[in-house]
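Enquirer: Sharing a structure below in structure tokens format, with a few things to ask.
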Amino acid sequence: GTVGTGKTVFGLQYVYNACTVANEPAIFATFEEHTFELRKQARKFGWNFEELESRGVLLIKRYDPFIMEEVLSILQNDIKRMGAKRVVIHTVSNFTIYMKDLAEIRRTIVKLYDVLKLNGCTSILVCESPPGSTAISRSGVEEFVVDGVIRLRKALIDNEFKLVLNIWKLRGASHSNKLHLYEITENGVVIYPDRTVDMEQVEFYT
């Protein structure tokens, strides 16, 4: 998704639920925002990341996007040290912008994919979509490497901007092909499985 669609909240909520609902250690790896800003944002939704970090079940860490080979090694060590089962990469777009060509981007994303898969992690790779474009990602590579794609978009429906979500692909599994409405509430992202909209009703803006 692009700006204003709740990508960061989606990722923060994912690791919070991993630790508190699924009882699985999690890592939120950021290449952009400072960790104190992420903790502050989480507190707005009542998610106490500091308490989870003190228990050693959550790691919020900022990685240097300039040296991806080292990042992948450090990330793998962090996963093994914690026994992490859930990982959020925020965002893939922030390290691919420093790469020279699409071949290099694809190689790096495949390496990242392998690190996460081989360590048994269920992961979300947050990716920016270009504003005003139909493209899923900036480089056009990420969606071909990963197992699934969830698109978060802003749409004009009945003269009102609303947030809509759809599953673009989910390798090896059946899934809904509908546009589902969702909101960012005081409790985080809330998706409404039964509230869908027809494509003919929608004018996408992001």
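Enquirer: In percent, what relative contact order does the range 28-129 have, based on Cα pairs under 8 Å that are 6 or more apart in sequence?
Expert: 33 percent
Enquirer: Let me ask you something else. Explain nothing, just compute: Karplus ³J(HN,Hα) = 6.51 cos²θ - 1.76 cosθ + 1.60, θ = phi - 60°, for every residue of the range 30-38 in order, whole Hz, x for Gly and Pro.
Expert: 10, 10, 9, 6, 5, 5, 5, 5, 5
Enquirer: Treating cross-link reach as a plain straight distance, find the aspartates and glutamates whose alpha-carbon is under 13 Å from the alpha-carbon of Lys44, omitting any fewer than eight places away in the same chain.
Expert: Within the straight-line cut-off, Lys44 pairs with Glu186.
Enquirer: Right, here's the next one. Which ³J(HN,Hα) values, rounded to whole Hz and listed in residue order, are derived for the range 82-92 from phi using the Karplus coefficients 6.51, -1.76 and 1.60 in 6.51 cos²θ - 1.76 cosθ + 1.60 with θ = phi - 60°, glycine and proline given as x?
Expert: Going residue by residue, I get 8, x, 5, 10, 10, 9, 10, 9, 10, 10, 4 Hz, with x marking Gly and Pro.
Enquirer: Per residue of the range 62-67, in order, report the coupling 6.51 cos²θ - 1.76 cosθ + 1.60 (Karplus, θ = phi - 60°) as ³J(HN,Hα) in whole Hz, putting x for Gly and Pro.
Expert: 9, 10, 7, x, 7, 10
Enquirer: Local charge sum around Val202 (other residues, Cβ-Cβ under 12 Å, Lys/Arg +1, Asp/Glu -1)?
Expert: Numbers: positive: Arg153, Lys154, Lys162, Lys178; negative: Asp158, Glu160, Asp198, Glu200, Glu203.
Once positives and negatives cancel, what remains is -1.
Enquirer: Would you please give the residues with an amide H less than 5 Å from that of Ile60, counting only those at least 5 places away or on a separate chain, with H modeled from the backbone geometry?
Expert: Phe28
Enquirer: Mind listing the long-range amide H neighbours of Arg195? Cut-off is under 5 Å, sequence gap 5 or more, other chains count too, H placed in the peptide plane at 1.01 Å from N.
Expert: It is Leu181, by chain and number.
Enquirer: Still on this model: Tally up the carbon and sulfur contribution to the accessible surface of the chain as a whole percent, 1.4 Å probe, everything protein left in place. Present the calculation step by step, with values, prior to reporting the outcome.
Expert: On the way: 5530 of 10870 Å².
Carbon and sulfur atoms account for 51 percent of the accessible area of the chain.
Enquirer: Lys/Arg Cβ at +1, Asp/Glu Cβ at -1, dipole of the chain taken about the Cα centre: which of Leu152, Thr5, Ser73 is farthest positive-ward?
Expert: With unit charges placed on the Cβ atoms, the residue in question is Ser73.
The values are calculated or read from the model by the stated rules, or taken from the named source; none is laboratory data. None of these values were measured; they are calculated from a predicted model. For neighbour counting, all protein chains shown are included, and Cβ atoms are generated from backbone atoms with ideal geometry for every residue, glycine included. Keep in mind that these areas ignore ligands, DNA and RNA; they rest on the heavy atoms of the full protein, side chains included. Shrake-Rupley method; radii C 1.70, N 1.55, O 1.52, S 1.80 Å.
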